[in-house]
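Single-structure report; data block below.
The values are calculated or read from the model by the stated rules, or taken from the named source; none is laboratory data. It should be emphasised that the depicted structure is a prediction, and the values quoted were computed from it without experimental measurement. Note that we place each Cβ from the backbone using ideal geometry, even for glycine, and neighbour counts take in every protein chain shown. What goes into the accessible areas is simple: the full protein's heavy atoms, side chains included, and nothing from ligands, DNA or RNA. Shrake-Rupley method; radii C 1.70, N 1.55, O 1.52, S 1.80 Å.
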Amino acid sequence: VNPSLSLDLVADFRQLTAFPFMVNALQAATIVAVLAASVGWYAVLRRQIFASHTLSVMAFPGAAGAALIGLPIALGYYLACATAGLAIAGTGRTPRRGYGGETAVIGTVQTVGLAAGFLFLSLNQSILGGPETLLFGTFLGITPSQVLVLLAVAVASLIVLTVVARPLLFATVERDVASASGVPVARLEVLFLLILALAIAATSQITGALLVFALLVAPPACAQQITLRPLPGLALSVVFALLIAWIGLALAYFSIYPVGFYVTTLAFGLYVVVRAGGALKRRGGR
Amino acid sequence: MFAYEFVRNAYLAGTFIALACGAIGWFVVLRGQVFAGDALSHVAFVGAIGAAAIGINERVGLFMLTVALALAMGLLGRRAQADDVAIGTAFAWILGVGVLLLAVLATSPGAASGVTTANTLFGSIYSLSAGASWTAAAIALAVTLGVLASTRPLLLSTLDPQLATLRGVPVRLVGLGFLVALAVVTAESTEAVGALLLLGLIAAPAGAAASLTSRPLRGIAISAAIAVGATWGGLALSYAISGLPPSSAIIGLAAAAYGVCAATRPLRQPR
């Protein structure tokens, strides 16, 4: 049966969930959207965009390395992301001695990771599911056990994030004051990069390494344009991510074009609308 | 090993691209724009695919989209430096469009050759033709000279934009010109030696130079020297060791140089 879109939403939903692979995809997308949007809210607030991008391309050396030594690919994702997160954290973003030293470190970590990936690939030459799948992701062929692993990672990361939520916010907004009042700022920063690495490793298995931003950066960025209050902002960010993921998946299901296009277009469109709305509001307020 | 033409081509293009990356990279790191360069290099691929989809020359499409994105970043951002959040969201979308174009091309008959051409554009440094390596060297040399010639206004508008404005330096225009120069280097070297090598040669040598000295001209010279040295050494290594990709070897050397410079920094600092 060819799926066809109609005005009857109930019938559409029934079509959407008719196949087990779509149910798995929807479950995975939901988990990933909640995780990415929550962790991403902090990442955007901390302006760790380049670090996020670097972590997301670690999928490549992770997958290539795991294929080389015969580990599960998913484990390779998590290991490579966590290693890169620690490498970025280890060099410390703390003292802003000199200009822009941080971006040099992150850029170097990224290229070293990619160079290692190419090396693994040339040592192995085995099938890797094609570079396109690795970079742009696929929602199809997600197994129920993958969904379970995703769920476990997401719950663990979100619990840790909830525990450190308040001190992390303090350390992000007022670093020096937090440090002076006894918040272990440096340790929190390392911990956050690890949570970010886990979240990105989980997300990039679904969206592909290059399109992580559609769920990790765009929804929190939109939410922070609308409100700077933490809890409503986080909630709004999760809602945006869920909408982007669900609508993107549904559109891809009812058409012949890839999900990555729909998800990124929805995310970018939302961002443009919110930015334009914010600009209009500021002009009207004056 | 210089008896082979492909090695000579690689050394010719590699030397000048490394020179350009090292020099411009010092400013990229100083201005904190490594992410912008990274985004530009990913976008170059979409430009080539897009050109294949509408049937124009892939190289033209690649240059056009990369320079257009640089202009957009410069015009939209404050101080001609776009916000990382905006860059990230926009470039994810451009990649999403790239995915769509790939899908469209895959379903339309006769367009497969366009994708193949676009893919072969992103060859290895060892597969350059003589003509392509001369072109790469010329473009890289031109950008290097341009950056060196505008060192003073660029430096002033990076370090102290207010003072630069007071002294009549067109800060926005300088920032815009810098991004366009970065886009040209990115487009040319993405095509010639691959995006991976580009980012490595922009970030690592400049980071190493920044940890060695804070004096501008010396820093630019050191950065360029490390980039060229890593390229020469990496090309020789990958020629000697089969299975070692040239880009991995070059990046490895550049990153090692950065690591050594950063690690020995406490030893060198006067107490």
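Using only atoms on other chains, find how many Cβ atoms lie within 10 Å of each Cβ of peptide A:111-124 and report the average.
6
Cα centroid distance between the stretch A:194-262 and the stretch B:52-74, in Å?
Here the answer is 27 Å between Cα centres.
For the stretch B:126-199, state the semi-axes of the equivalent ellipsoid (square roots of 5 times the eigenvalues of the alpha-carbon gyration tensor), sorted largest first and rounded to whole angstrom.
31, 11, 8
Which distance in Å, rounded to a whole number, links the C-alpha centroids of the stretch B:183-253 and the stretch A:4-65?
What the calculation gives is 35 Å, centre to centre.
Grab the alpha carbons of the stretch B:141-267, take their convex hull, and tell me the volume per residue in Å³.
Numbers: hull volume 14.0 nm³, N = 127.
It comes to 110 Å³ per residue, whole-number rounded.
Could you tell me which of rounded, prolate or oblate describes chain A, using a ≥ b ≥ c as the square roots of the eigenvalues of the alpha-carbon gyration tensor, with rounded for a/c under 1.5 and, failing that, prolate when a/b is larger than b/c and oblate otherwise?
oblate
Using a simple charge model, +1 on the beta-carbon of Lys and Arg, -1 on the beta-carbon of Asp and Glu, nothing else, what dipole does the stretch A:152-286 show about its Cα centre, in debye to the nearest 20?
With only Lys, Arg, Asp and Glu charged at Cβ, the dipole is about 520 debye.
Going by a 1.4 Å probe on protein heavy atoms, which residues of the stretch A:48-85 end up with at least 30 Å² less accessible surface in the whole assembly than in their chain alone?
When all protein chains are present, A:I49, A:F50, A:H53 each give up 30 Å² or more of accessible surface.
Across peptide B:243-250, how many C-beta atoms of other chains are within 10 Å of each residue C-beta, on average?
4
Say each of A:A11 and A:V163 gets a label point 7 Å from the Cα, pointing the same way as Cα to Cβ; how far apart are those two points in nm?
My value for the distance between the label points is 5.1 nm.
Once you put a point 7 Å from the Cα of A:V23 and another 7 Å from the Cα of B:I56, both along the Cβ direction, what distance in nm separates them?
Those two pseudo-labels are separated by 4.9 nm.
Please find the FRET efficiency linking B:R167 to A:R229, where r is the Cβ-Cβ separation and R0 is fixed at 56 Å, and quote it to the nearest 0.05.
0.85
Averaged over peptide B:197-206, how many Cβ atoms belonging to another chain are found within 10 Å of each residue's Cβ?
Per residue, the number of nearby Cβ atoms from other chains is 5 on average.
Working from the pairwise distances between different alpha carbons, so that the mean of 1/r is found and then inverted, what is the stretch A:1-84's Kirkwood radius in Å?
Details: mean 1/r = 0.0638 Å⁻¹.
Its Kirkwood hydrodynamic radius stands at 15.7 Å.
State the three equivalent ellipsoid semi-axes of the protein assembly as shown, derived from the C-alpha gyration tensor as the square roots of 5 times its eigenvalues, in descending order and whole Å.
35, 29, 24
With the calculation restricted to Cα positions, what are the radius of gyration and Dmax of the stretch A:193-286 in angstrom?
For the stretch A:193-286, the Cα-based Rg and Dmax read 14.5, 47 Å.
Using a Gaussian network model on chain A with a 10 Å cutoff between Cα atoms, which of A:T203, A:T30, A:T265 fluctuates the most?
Maximum among the listed residues: A:T265.
Roughly how many Å² is the accessible area per residue of the stretch B:130-180, as a whole number, for a 1.4 Å probe?
52
Over every pair of different alpha-carbon atoms in the stretch A:140-252, take the mean of 1/r and invert it; report that Kirkwood radius in Å.
15.6
Total Å² of accessible surface buried at the A-B contact, 1.4 Å probe, nearest 100?
It comes to approximately 3400 Å² buried between A and B.
Tell me, what are the semi-axes, in whole angstrom and largest first, of the equivalent ellipsoid of the stretch A:12-61 as set by the roots of 5 times the Cα gyration tensor eigenvalues?
Each semi-axis is the square root of five times an eigenvalue, giving 30, 14, 7 Å.
Check every DSSP H run in chain A and write down those whose alpha carbon atoms cover 18 angstrom or more along the long axis and whose mean Kyte-Doolittle hydropathy is 0.5 or greater.
A:20-45, A:73-90, A:101-124, A:144-173, A:185-207, A:230-254, A:259-285
Using the per-residue mean of other Cβ atoms lying within 10 Å as a proxy for protection, in what order, highest first, do the peptides A:154-160, A:33-39 fall?
Averaged packing, sorted descending, gives the order A:33-39, A:154-160.
For the stretch B:167-270, what is the charge dipole size about the Cα centre, in debye to the nearest 20, if Lys and Arg each add +1 at the Cβ and Asp and Glu each add -1 at the Cβ?
Details: 6 positive and 2 negative charges, 115 e Å.
Dipole about the Cα centre, nearest 20: 560 debye.
Using only the alpha carbons of chain B, determine the length spanned along each of the three principal axes and report them from longest to shortest in whole angstroms.
Each principal axis gives a Cα extent; for chain B these are 68, 47, 29 Å.
Pull out the extension gain between B:L71 and B:T264, defined as 0.36 nm times the separation in residues minus the alpha carbon to alpha carbon distance; nm, one decimal. Don't skip to the end; give the middle numbers.
Working: separation 193, 0.36 × 193 = 69.48 nm, distance 3.90 nm.
Gain in length upon complete extension: 65.6 nm.
For B:S214 and A:F254, FRET efficiency with R0 = 51 Å and r from the beta-carbon atoms, rounded to 0.05?
After rounding to 0.05, the efficiency reads 0.30.
Please sort B:208-217, A:112-121 by packing, taking for each peptide the average over its residues of neighbouring beta carbons within 10 angstrom, highest first.
My ranking of the peptides, most packed first, is A:112-121, B:208-217.
Based on the Cβ-Cβ distance from B:W232 to B:S150, what FRET efficiency comes out when R0 is 22 Å, to the nearest 0.05?
0.20
Based only on Cα atoms, what Rg/Rh ratio does the stretch B:1-81 have, Rh being taken as Kirkwood's radius?
My calculation of the ratio gives 1.09.
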